[in-house]
Amino acid sequence: MAISLYDVSVTNYLQTLQAVAGFLDKGLAHLKAEGKDPEQFVETRLFPDMLDFRFQIASVTQHSLGAIEAAKAGVFTPPVPKGETYAGLQQRVADARAGLQALSREEVEALEGKEMVFALGERRLPFTVENFILSFSLPNFHFHATTAYDILRANGVPLGKRDYMGPLRMKT
């Protein structure tokens, strides 16, 4: 059985985005129960030289729906969080999920072989869409989802591995 571009991208993004939505909900409930301000929490970092929780969630959405949109446009740029609140980050994840669910398998498959670039300032890195997704977007997507999970976990949110994994795609 061949694995398609849709299967390695959209299907995986959706699984983890559902998990991210779930651990964001648990995080908010925990913060409220502890009397902590969710709006201050979005600035929390694991280490001083790492970007904050807000950036991690913005990157999760940029490296999922944003990656597919970039593939269509031919250029990907890093996310620029716009001061979102905790609720705004939750909405960002919901919007990414909805955008991915609206994509057809055919429109994603049609991107295979297309050229695109990663653009950061004057720097340009050339890719094919499938190489961008597999070697850049998916690793970044999981890195930032894991870092967001870790920030919540390090701040006492009762999360476990299953909270990160999302719904498994079992044989039916």
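Mind counting the residues in segment 74-130 that are under 20 Å from the mean Cα position of the chain (by Cα) and either hydroxyl-bearing (Ser, Thr, Tyr) or at positive phi (or both)?
Count: 6.
Going residue by residue through segment 42-65, is there one that turns out to be among the β-branched types (Val, Ile, Thr) and more than 21 Å from residue 140 (Cβ to Cβ)?
No, segment 42-65 has no match at all.
Residue 79 passes all but one of (1) modelled with pLDDT under 95; (2) more than 30 Å from residue 130 (Cβ to Cβ); which number fails?
(2)
Return a yes/no flag: does segment 147-165 have any residue that is modelled with pLDDT under 95, under 24 Å from residue 4 (Cβ atoms) and more than 17 Å from the chain's Cα centre (by Cα).
No, that holds for no residue.
Select from segment 41-57 the residues that are aliphatic (A, V, I, L, M) and touching a residue at least 40 places away in the same chain (Cβ under 8 Å) and list them in ascending order.
Within segment 41-57, 42, 46, 50, 57 qualify.
Does residue 130 meet the test of being outside any helix (DSSP H, G or I) and of a type in the set (Asp, Glu)?
Here the answer is no, as residue 130 does not meet what is asked.
Evaluate the following for residue 80: is it among the hydrophobic types (A, V, I, L, M, F, W, C) and within 17 Å of residue 149 (Cβ to Cβ)?
No: the conditions fail for residue 80.
The values are calculated or read from the model by the stated rules, or taken from the named source; none is laboratory data. These numbers come from a predicted model, not from an experiment. No Cβ is skipped: glycine too gets one built from the backbone with ideal geometry, and neighbour counts run over all protein chains shown.
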